[in-house]
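Derivation of every value follows stated rules applied to the coordinates shown; laboratory data play no part. Given the structure is predicted, the values throughout are model-derived calculations rather than measurements. Cβ atoms come from the backbone with ideal geometry, glycine included; neighbour counts cover every protein chain shown.
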């Protein structure tokens, strides 16, 4: 089968390119033996801050913990509404529920997949009418491009709402020439292996320009520590980035800028070749994307996906069910009128293979297959 070797995400190709450096980094950790919060963690955090332009960067165990740590630092809990787009991965809403707060679902724009500021603004008043305190909003940078954070920030500031940018999929992207990591009151990301910058396990990071918030974040991720190791001054959690993962991420970050360029090149070829047969992704003015996923909107998705599979072209669906429809979340409130765009997208989105090592021959095979199927 012609496309049988096409990988949806090819981590092996990347590893082959830098395997010697990764092996050397791991060996250094094994030699010094500081497996928890070792020097590589501090070095990587400094590199993250420099890369993003954020004043403070903190590694943690995973992207979900990153979100939770920030909400904990803000004292989010029972009686608080946390506004979350309905079309995203569960972690964005999960953390609010974990802390006893109320995830409040809002809708997204169909062309960008990201939170609709008008839906968010409408939801604030409706949450207050339910007796909830409008506390935080979690704009998710879905599939690699930043949400319209300036518009969201304006609404949030007018209503005393904190902005926590979920950049699990957009690390490396920019908005108005500012890198992700410098928007909102705080930003989080994930280093899950399949992310644009991923480790070989779980990992995450938190960014902020607020020094006082940074001190609380640093405390919470380390069991709520105070000045002394065994003087824990607040409820915290155990959420540290492993030194081995930091050593790996340092080497991956070194080649990350060139990988972002390669991803953008693949996305541009897809868009040019497919825009007449499918709804292709749209970037907002002033935004760049790292293309965590390249996602089309198609009709009769099941048939399209089946035919692509027959041709050896792998595809994925992110996400087949809106959060507001999921069993564990459908009892939570949402903006009046529901989230029809999120519900519609969940039945029509289809993601194509995307990674920096996708050859032009494989890209051509994917493009030809999709065009033949959609005709």
Rounded Å value of the spacing that divides the Cα centres of the range 313-346 and the range 89-126: 11
Cα-based shape type of the range 231-354, given that a ≥ b ≥ c are square roots of the gyration tensor eigenvalues and the cut on a/c is 1.5: oblate
Hydrodynamic radius (Kirkwood) for the range 78-118, which is based on Cα pairs only, to one decimal in Å: 10.6
Point-to-point label distance, residue 24-residue 128, nm (Cα→Cβ direction, 7 Å offset): 5.8
Inter-part distance where the range 1-77 and the range 231-272 are each reduced to a Cα centre, Å: 5
Fewest-first sequence of 164, 253, 197 by Cβ atoms within 10 Å of each Cβ: 253, 197, 164
Separation in nanometres of the label points that stand 7 Å from Cα toward Cβ, at residue 228 and residue 34: 2.4
Residues 351, 344, 170, 219, sorted so that the one with the fewest Cβ neighbours within 10 Å comes first: 344, 351, 219, 170
Fewest-first sequence of 223, 176, 80 by Cβ atoms within 10 Å of each Cβ: 176, 223, 80
Convex hull of the chain built on C-alpha atoms - directionally averaged projected area, nm²: 18.6
Mean residue ellipticity (222 nm) of the chain, computed from DSSP H runs ≥ 4 via -39,500 (n - 2.57), nearest 500: -13000 deg cm²/dmol
Alpha carbon centroid spacing (whole Å) that separates the range 273-292 from the range 181-228: 29
